[in-house]
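J.: Please find one structure pasted underneath; my questions will follow.
The values are calculated or read from the model by the stated rules, or taken from the named source; none is laboratory data. Source: prediction; values computed, not measured. Cβ sites come from the backbone with ideal geometry, for glycine too, and all protein chains shown count toward neighbours. Quick note on the areas: whole protein, heavy atoms, side chains included, nothing else; ligands and nucleic acids left out. Shrake-Rupley method; radii C 1.70, N 1.55, O 1.52, S 1.80 Å.
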Amino acid sequence: QMQLVESGGGLVQPGGSLTLSCVASGSIFSDHAMAWYRQAPGNQREAVAAMTSFGVANYVDSVKGRFTVSRFTANNTRYLQMNSLKPEDTDVYYCNTLPPSHSAGYWGQGTQVTVSA
């Protein structure tokens, strides 16, 4: 069963940076695009950054220029570098394939990012 585990969130001041990690239990990302999603309480989960299996990244306008999706050699790990964080970036962040899979294990616990002075 696939498991996606997010980590790296925390409390940071406006203008600060965080790096999130997404580790999959298998090499799912070698064959599938992935995305970072975020969800605030009462809101829909939205994709904010994505990377194809070939390494091409795309971003929504609200994070473009501030967030960067990256990978290293391991096909089961993706990162989200978040710079110049704003209070409106406060959310729980998840990773999943793009489009998202709703099979067991794909939606992990997420990692909380809080941007506050």
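J.: Which residue is least open to solvent (accessible area, probe 1.4 Å), if the candidates are limited to the range 17-32 and must be without any contact (Cβ under 8 Å) to a residue 60 or more places away in the chain and out of contact with any Lys or Arg (no Cβ under 9 Å at 6 or more places or on another chain)?
T.: Here the residue is G26.
J.: Look at the range 75-110 and say how many of its residues are closer than 15 Å to V5 by Cβ and open to solvent by 40 Å² or more (accessible area, probe 1.4 Å).
T.: 5
J.: Here is a list: V5, V113. Which entry is of a type in the set (V, I, T), in contact (Cβ under 8 Å) with a residue 40 or more places away in the chain and open to solvent by 60 Å² or more (accessible area, probe 1.4 Å)? Show your work before the answer.
T.: Values: V113 fails: open to solvent by 60 Å² or more (accessible area, probe 1.4 Å).
The conditions single out V5.
J.: Across the range 65-74, what is the total count of residues that are at pLDDT 95 or above and open to solvent by less than 70 Å² (accessible area, probe 1.4 Å)?
T.: At the first step, the residues of the range 65-74 found to be at pLDDT 95 or above are 65-69.
Narrowing the set further to residues that are open to solvent by less than 70 Å² (accessible area, probe 1.4 Å) leaves 66-69.
Within the range 65-74, residues that are at pLDDT 95 or above and open to solvent by less than 70 Å² (accessible area, probe 1.4 Å) number 4.
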